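First comes the structure, then the notes that go with it.
Any read-out appearing in this document is the output of simple, stated calculations on the displayed coordinates, not a laboratory observation. Treat the numbers as computed from the prediction; the structure is a model and nothing was measured. Backbone-built Cβ (ideal geometry, glycine too); neighbour counts: all protein chains shown.
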Amino acid sequence: MSFRSVAIRLTLLCVIFYSIPAQAQGLRKIKNEAFKRGEQLTYRIHYGIFDAGKATISVENENKQIDGRNTYHIIGLGNSTGTFNFFFKVRDRYESFIDEDALCPMIFIRRVDEGGFKFSQDMVFDQQYHKVNSSGKEFTIPNYVQDMISAFYYARTFDYTNEKPGKIDSVVTFVDNEVWTLKIKFVRRDTLDCDIGKVSCMVFEPMVQKGRIFKHDDDLQVWISDDKNHIPVRAQASILVGSIKLDLESYSGLPNDMAIVK
C-alpha cells in the first residue's frame, strides 16, 4: 500500500466512534453542532523528512436530495507534490453523500490514481433495509454502517467531555467490501504546537492491524481539537517503510471557535 493510501486513511481514522441502535421505524436523527456546509480542512503530508503531498476535505455548499432526504456532500482530495510527483504521482478523490439527519452514507465514490495504479469504486447504501450495492455487488450491512468519509463526520458529533484515558470505543464500518470494526483508545489530553498555533487536543490511538502496514498495533496516534468542532489537527504513524505525518495547515467555515491556546 502506498504512502498516499496510508495518508488518506490516517485523515479518515482521526476519530472515535460509538454504535447507536436503530430506531423502530425510519432513520434516526443525530444532533449536529460540529460541522456545516462550507467547511474546508487542508493538511500537509510528510513522508519522513520530506513534504510529500496535500490533502483537503470539505463540505460542499450544496444540498443534493437523495430519495427525498437532504444530504451533506463531502469531498476528500489527496495529491502528491514537488519531487514526489516524479517518483510516485498521486491524484485521489473520495466523495460521500451523507444523510443530513441520520449522519450515515447514502452514496460513496472512490477514485484512486497512485503511481499508475487506478481503482474506482461506487457504493449505494440502503440504510433502511441494510443493503449496499458496491460496483454491482450487493452486501448485507449492519445498522447505520459508515464509509471511510462519513465515519469522520459522524464521530465529530459525539460528546467527549467525560472521555477517560484507556477507554476503548468501536464502530462498524464498510471498507473494501468488508464489514470492519474499528477500535480506538483515548490516551490523554495535550497542548499541541503546530502550524495554526497552540491547540488544546485530545490524543487517541486507533488500534490498527499490525503486519500489513504497521509494525505494532499502536503505531498510529491522532490529535483531535478539544472543542465542539472535533477536527484532526495532527496524525502520525510509524509504518513498515518509514513514517508519515499529517498536519492541519488551514481551516475555514467551522461552526465553532477552535481551541487555540493564547
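Things to note:
- Ranking of GLU39, GLU100 by count of other Cβ atoms within 10 Å, fewest first: GLU100, GLU39
- Cross-link partners of LYS262 among lysines (Cα-Cα below 16 Å; sequence separation of 8 or more within a chain): LYS198
- Restraint check, LYS29/LYS131; LYS64/LYS167; LYS36/LYS89; LYS137/LYS245; LYS54/LYS164, Cα-Cα greater than 30 Å: LYS64/LYS167; LYS36/LYS89; LYS137/LYS245; LYS54/LYS164
- Close amide H contacts of GLU100 (hydrogens built in the peptide plane, cut-off under 5 Å, sequence separation of 5 or more or a different chain): ASN70, THR71, TYR72.
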